[in-house]
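Visitor: This is the structure, below, for whatever I ask next.
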Amino acid sequence: FVKENGHARVPADFPQYGELANWVATQRKSYKRYQRGDTCSITENRIKFLNEIGFEWDLSPQTNKPWENSYDELVTFVNKF
């Protein structure tokens, strides 16, 4: 998905990525638990692997993200789908 789309924000509403979207959401939830020191399934090694592919842990609105970057992402998305 990352190679095709340039990001790891797998859309939850695309049937072809349903299982992957659920898995990605689980990784984010586990990472939040990990940060709090709670019991979770994610390990430092898994975090490292996900970081290496540019995984985004926080999907909250990025107000400091340049407009051009968001525009480029939108263009890529529109051209792909």
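Visitor: Given the rule -39500 (n - 2.57) for each run of at least 4 DSSP H residues, summed and divided by the residues of the chain, what is its mean residue ellipticity at 222 nm, to the nearest 500 deg cm²/dmol?
Guide: Values: 4 runs with 46 residues, N = 81.
One gets -17500 deg cm²/dmol as the mean residue ellipticity at 222 nm.
Visitor: State, as an integer percentage, the relative contact order of the chain based on alpha-carbon contacts under 8 Å between residues 6 or more apart.
Guide: Working: 39 pairs, mean separation 23.8, N = 81.
Relative contact order here is 29 percent.
Visitor: What does the convex hull of the Cα atoms come to per residue for the stretch 1-45, in Å³? Don't jump to the answer; show the numbers that get you there.
Guide: On the way: hull volume 3.8 nm³, N = 45.
It is 85 Å³ per residue.
Visitor: Can you give the angle from 0 to 90° between the axis of helix 18-36 and the longest principal axis of the chain, with both taken from C-alpha atoms, to the nearest 10?
Guide: Compared with the principal axis, the helix lies near 50 degrees.
Visitor: Over the chain, with a single point scatterer placed on each C-alpha, what log10 of the ratio I(q)/I(0) does the Debye formula yield at q = 0.13, 0.16, 0.17, 0.20 1/Å?
Guide: For the chain at q = 0.13, 0.16, 0.17, 0.20 Å⁻¹, log10 I(q)/I(0) is -0.48, -0.71, -0.79, -1.04.
A short reminder: the numbers here are calculations on the coordinates, not readings from a lab. The model shown is predicted, which means the values in this text are computed figures rather than measured ones.
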